[in-house]
Amino acid sequence: MTGGAQDPAYPVEEHTPSTPEWTCDTCGAEWPCAAKRARLLMEYQVDRAALSVYLGSCLAAATEDLPPAPGTSLQDRFIGWLPRTPRSI
């Protein structure tokens, strides 16, 4: 395979959010799930600011959809897991 083409026999699991519950449509975990977090870090490895903006917009949307929950805050769930320093390439 060349040029980033995907083999249709092995589809990439997107791990996209299912709203309004904000669960992963692939694995059922709270979104962003561990697989999506790893993928986002890889996709945005050179532009962490853009990743923060994207996740912030998801946080804003989730705040509208989800009721306040005791324990872990939505901020921790959506952006609290981001590394504080950029990864070396």
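Nothing in this text is a laboratory measurement; each read-out follows from the coordinates by a stated rule. A quick note: this is a predicted structure, and the numbers were derived from the prediction, not measured. FYI the Cβ positions are ideal-geometry reconstructions off the backbone, even for glycines, and counts take in every protein chain you see.
A few points about this structure:
- Subset of segment 43-56 (residues that are surrounded by fewer than 16 Cβ atoms within 10 Å (Cβ to Cβ), within 13 Å of residue 83 (Cα to Cα) and charged (D, E, K, R)): 47
- Checking 40, 59, 82 one by one, the residue that is closer than 17 Å to residue 20 by Cα and surrounded by 11 or more Cβ atoms within 10 Å (Cβ to Cβ) is 59 and no other.
- Of residues in segment 62-79 being free of Cβ contacts under 8 Å to residues at least 12 places away in the same chain and either of a type in the set (Gly, Ala, Ser) or part of a loop (DSSP other than H, G, I, E, B) (or both), the one nearest to residue 21 (Cα to Cα): 67
- Applying the condition of being in a helix (DSSP H, G or I) and in contact with a Pro (Cβ under 9 Å, 6 or more places away or on another chain) to segment 40-53 and asking which residue is nearest to residue 13 (Cα to Cα) yields 40.
- When residue 41 is tested against (1) in contact (Cβ under 8 Å) with a residue 24 or more places away in the chain; (2) in contact with a strand residue (DSSP E or B) (Cβ under 7 Å, 6 or more places away or on another chain), exactly one condition is not met: (2).
- Within segment 22-37, being out of contact with any strand residue (DSSP E or B) (no Cβ under 8 Å at 6 or more places or on another chain), outside any helix (DSSP H, G or I) and surrounded by 13 or more Cβ atoms within 10 Å (Cβ to Cβ) holds for 26, 27.
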